[in-house]
1. Of all residues in the range 286-299, which are under 16 Å from Y184 (Cα atoms) and surrounded by 14 or more Cβ atoms within 10 Å (Cβ to Cβ)?
2. Go through the range 18-42 and give me each residue that's more than 10 Å from L56 (Cα to Cα) and touching a Gly at 6+ places or on another chain (Cβ under 8 Å).
3. Take the conditions in contact with a helix residue (DSSP H, G or I) (Cβ under 9 Å, 6 or more places away or on another chain) and either surrounded by 17 or more Cβ atoms within 10 Å (Cβ to Cβ) or in the same structural domain as V241 (by TED's automatic domain parsing) (or both) and apply them to S177. Does it pass?
4. Need at least 2 residues that are in contact (Cβ under 8 Å) with a residue 60 or more places away in the chain and of a type in the set (G, A, S) per element, so show me which helices (runs of 4 or more DSSP H) inside the range 17-88 make the cut, counting only ones lying wholly within it.
5. Regarding E162, is this residue outside the structural domain of V33 (by TED's automatic domain parsing) and either modelled with pLDDT of 90 or more or under 25 Å from G54 (Cα atoms) (or both)?
6. Got a sec? Which of I114, I97, I130 is surrounded by 12 or more Cβ atoms within 10 Å (Cβ to Cβ) and at pLDDT 70 or above?
7. From (1) surrounded by 10 or more Cβ atoms within 10 Å (Cβ to Cβ); (2) within 25 Å of the chain's Cα centre (by Cα); (3) modelled with pLDDT under 75, pick out the condition that doesn't hold for E232.
8. Taking the criterion of being surrounded by 13 or more Cβ atoms within 10 Å (Cβ to Cβ), more than 30 Å from L192 (Cβ to Cβ), of a type in the set (V, I, T) and at pLDDT 90 or above, would at least one residue in the range 256-271 satisfy it?
Amino acid sequence: MVMKLEPLIKQNIVKLYKNVETWAGTGRPLPVVDAISCFATDVITEYCFGQSYGFLDDPTMKKSLYNAIHKGLGSAVPFRHFPLYQKLFYSLPTWVIEWMNPDMELWRAYRVDIRTQVRKLKKDIADGTIKPSESTRATVFTEILNSNMPESEKETERLSREAQVMVQAGIETVSWSITTNLTYLLSNPRALSRLRAELLEAIPPTPDSSPADLPSWATLEQLPYLSACVLEGLRLGYGVVTRLARIAETETLVLTDDEPQSPHRGKTWSIPPGTPVGMSAYHVHHDERVFVNSREYWPERWLDEDGKRDRRLEGKGVRMLVKPKVDE
């Protein structure tokens, strides 16, 4: 999937690079999280709907949804407990919300636009304006709408919620993980120097080289230290820190305490089928038995003795497949 998106990703990397260039020499700090957020927004909206928001077309990169998403998610708890408050909020005139909090108005406008995008896609497909055979690049929601899924799965409200979650996840996770990694690298000259040396050897600069000449993801994945930096940044970026529960519907899970210092060493617990089981990634990422000196940014922990990528510490499952590849 990521390989199919390479042209789109590279196209937006070029725009991001040009925007960053405009900040050079201005004496102003570059809003990195906003810059990456604009990049992630343009990629994920194009991938979902076939139409980018075009945030990178503005060199000031002020249209970032990053803060708006955080403000919006912060309102989720009171909205859940006081649904009337949510209805009141969305019934307010635009100018009132913008006066109260510009980020919340951007959040409201974003939610409205997501629903508009879904309605437009459904109409275009119903009218025959968009056909799978004529699509140069499949998008998430054209594939869903053109599939044989039940019509109940294609209702506007349901798809709007799915789209909102997908776009938010695509923006927030990529923005946060890349910004976190850049922060650690810039504060760690040793790691930054080693990464630069690997990149310069693999991608030697030429007088006429440009971001458009970047090698493919398949090539970048073969660079062990780059991959190690990506994984270390993801480890210290945490992602979702709440419990992500899983349920073994038919299997009885057996847990045996084998900790040498535990007073319950040797004791066994049986977890019945259908029981939600989960723990916070934060505690795993700072488990000193797994990650020695876990507070330290040390990409070498992901390499074996020969300096090659050591995959023993990497997670598994569907949630592990996409984001590291996009971050690379």
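The values are calculated or read from the model by the stated rules, or taken from the named source; none is laboratory data. Predicted model only: the values in this text are computed from it and were never measured. Positions of Cβ are backbone-derived with ideal geometry, glycine not excepted, and every protein chain shown enters the neighbour counts.
1. S294, Y297, W298, P299 - these are the residues of the range 286-299 that are under 16 Å from Y184 (Cα atoms) and surrounded by 14 or more Cβ atoms within 10 Å (Cβ to Cβ).
2. none
3. Yes, satisfied.
4. Once the helices (runs of 4 or more DSSP H) in the range 17-88 are filtered for at least 2 residues that are in contact (Cβ under 8 Å) with a residue 60 or more places away in the chain and of a type in the set (G, A, S), what remains is 32-49.
5. Criteria not met by E162.
6. When all the criteria are applied, what remains is I114.
7. Every condition holds for E232 apart from (3).
8. Yes: the range 256-271 contains one or more residues that are surrounded by 13 or more Cβ atoms within 10 Å (Cβ to Cβ), more than 30 Å from L192 (Cβ to Cβ), of a type in the set (V, I, T) and at pLDDT 90 or above.
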